[in-house]
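Here is the structure we will look at.
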Amino acid sequence: QVQLVESGGGLVQAGGSLRLSCVASGSRVSSSAVGWYRQGPGKQRELVASITSGGSTVYADSIKGRFTISRDNAKNTIYLQMNSLKPEDTAVYYCNVLTVLRNMYWGQGTQVTVSS
């Protein structure tokens, strides 16, 4: 059973930074494609950033240059460093893992609120 536990969300002023963490158990993040998604109020869930097992990254245009996805294989943890936050970044952020067996898992989400 794969479990993902996110942390690091909170309330921050525009221009501030947060780092989200996602600790995985039951699956090695080093051999999986992992990513962060978000769902803002009244919006559909959207991809923020992803990283493959080979290290290739993809970023949404809206956050390029501000957010960085990374992974610590030793800690089996995925990170999302968010800088220069904007009010439109307010959302629930979800961690996602796609295993080598093509099974997809989600975390419970962590709220990020950016005040203007």
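The values are calculated or read from the model by the stated rules, or taken from the named source; none is laboratory data. Everything numeric in this text was worked out from a predicted model, so none of it was measured. Don't worry about glycine lacking a Cβ; one is built from the backbone with ideal geometry, like all the others, and counts go over all protein chains shown. Ligands, DNA and RNA are excluded from the accessible area calculation, which covers all protein heavy atoms including side chains. Shrake-Rupley method; radii C 1.70, N 1.55, O 1.52, S 1.80 Å.
Observations
- 17 Å Cα-Cα reach of LYS64 towards aspartates and glutamates, excluding residues that sit fewer than 8 places from it in its own chain: GLU46, GLU88, ASP89
- Placing +1 on each Lys and Arg Cβ and -1 on each Asp and Glu Cβ, with no other charges, gives the chain a dipole about its Cα centre of roughly 140 debye.
- Selection from GLY54, THR68, THR90 lying farthest towards where the dipole of segment 54-116 points positive, charges on Cβ: GLY54
- Top positive-direction residue, dipole computed over the chain with Cβ charges, set ALA33, SER21, GLY10: ALA33
- Cα centroid of segment 1-48 to Cα centroid of segment 78-116, whole Å: 3
- Per residue, the accessible area of segment 49-102 comes to 48 Å² when a 1.4 Å probe rolls over the protein heavy atoms.
- Accessible carbon and sulfur surface of the chain relative to its total accessible area, %, 1.4 Å: 48
- Between ASN73 and ALA14, the modelled labels are 4.1 nm apart [label points 7 Å from Cα along Cα→Cβ].
- Of all lysines in the structure, those lying under 17 Å Cα to Cα from LYS43, and not within fewer than 8 positions of it along the same chain, are LYS86.
- The alpha-carbon atoms of the chain define a convex hull whose volume equals 92 cubic angstrom per residue.
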